[in-house]
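Structure record follows, encoded as structure tokens.
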Amino acid sequence: MAKAKSSSSGETVTRERLAELLNEDLSREYQAIIAYVVYSQVLKGAEYMDIADQLEIHAKQELDHALMISRQIDYLGAMPTVTPKPVKTSKNAKDMLRFDLDNENETVRNYRDRIRQCEALGEFALAEQIRKILMQEQDHQIDLATALGIEVPNVNK
Ligand SMILES: [Fe+2]
Ligand SMILES: [Fe+2]
């Protein structure tokens with residue numbers, strides 16, 4: 001079994017472990033789809049109209065991510081999960097945007113690790129796919145931070 005050390009978390013990943021971690025990522029993508037489907041429709045108030053439209057775009061991009069990650073899990077010989085991470089709800093617009101931003105931060109942190117782990121395993125095409133997803137996740141962070149009127153959080157450890 002080929003083993004490689006990832007540079008950031010220090011975790012030794014095998015292809016099996018990488019598939020497990022990608023299934024965690026897939027659960028986060030499902031969570032994001034659900035959150036954006038709901039929040040984009042229930043966000044009320046003139047000041048939130050622009051971000052509500054952006055959240056609708058995010059929802060579709062998260063579905064694309066879920067499809068890409070699912071394909072990569074299948075490529076690694078594992079079964080893609082069907083379970084989302086829990087989705088928080090609130091009637092407060094700022095809370096909803098905050099939950100989304102927290103989730104995006106977690107997602108960005110994980111995909112940065114995943115790229116290192118893929119490269120350590122010599123899975124360069126997989127790393128490239130995740131880089132494309134990561135670019136959109138960082139855009140989501142920017143959209144949400146801008147709507148909240150805050151700086152984009154630095155999620156590097
Ligand atoms: Fe995503
Ligand atoms: Fe996202």
Exercise. Using the per-residue mean of other Cβ atoms lying within 10 Å as a proxy for protection, in what order, highest first, do the peptides 23-36, 131-144 fall?
Worked result: 23-36, 131-144
Exercise. With a sphere of radius 13 Å drawn around the Cβ of residue 66, what net charge do the other residues whose Cβ falls strictly inside it have (Lys, Arg +1; Asp, Glu -1)?
Worked result: -3
Exercise. Do the alpha carbons of any pairs in 44/132; 94/132; 60/132 sit beyond 24 Å of each other, and which pairs?
Worked result: 44/132; 94/132
Problem set entry | Accessible area of the chain belonging to carbon and sulfur atoms, whole % at 1.4 Å probe | 53
Exercise. Tell me, what ³J(HN,Hα) does each residue in the stretch 95-109 have, in order and in whole Hz, if you take phi through Karplus 6.51 cos²θ - 1.76 cosθ + 1.60 with θ = phi - 60° and put x for Gly and Pro?
Worked result: 4, 4, 5, 5, 4, 4, 5, 4, 5, 5, 4, 4, 5, 4, 4
For this session: Let me see the pair-distance distribution of the chain: every alpha carbon pair, 10 Å bin width, integer percents in order.
Result: 11, 41, 31, 14, 3, 0
Exercise. Label residue 71 and residue 89 with points 7 Å out from Cα along Cα→Cβ: what is the distance between them in nm?
Worked result: 3.4
Exercise. By per-residue mean of other Cβ atoms within 10 Å, what is the highest-first order of 65-76, 45-56?
Worked result: 65-76, 45-56
Problem set entry | Relative contact order (percent, whole number), the chain, Cα cutoff 8 Å, 6+ residue spacing | 30
Problem set entry | In nm, spacing of pseudo-spin labels at residue 106 and residue 139 (7 Å Cα→C-beta vector) | 2.4
For this session: Would you please give the residues with an amide H less than 5 Å from that of residue 13, counting only those at least 5 places away or on a separate chain, with H modeled from the backbone geometry?
Result: 4, 6
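The values are calculated or read from the model by the stated rules, or taken from the named source; none is laboratory data. Just so it is clear, the structure is predicted and the values come from calculations on it, not from any experiment. No Cβ is skipped: glycine too gets one built from the backbone with ideal geometry, and neighbour counts run over all protein chains shown. We work out accessible area using only protein heavy atoms, side chains counted, and drop any ligands, DNA or RNA first. Shrake-Rupley method; radii C 1.70, N 1.55, O 1.52, S 1.80 Å.
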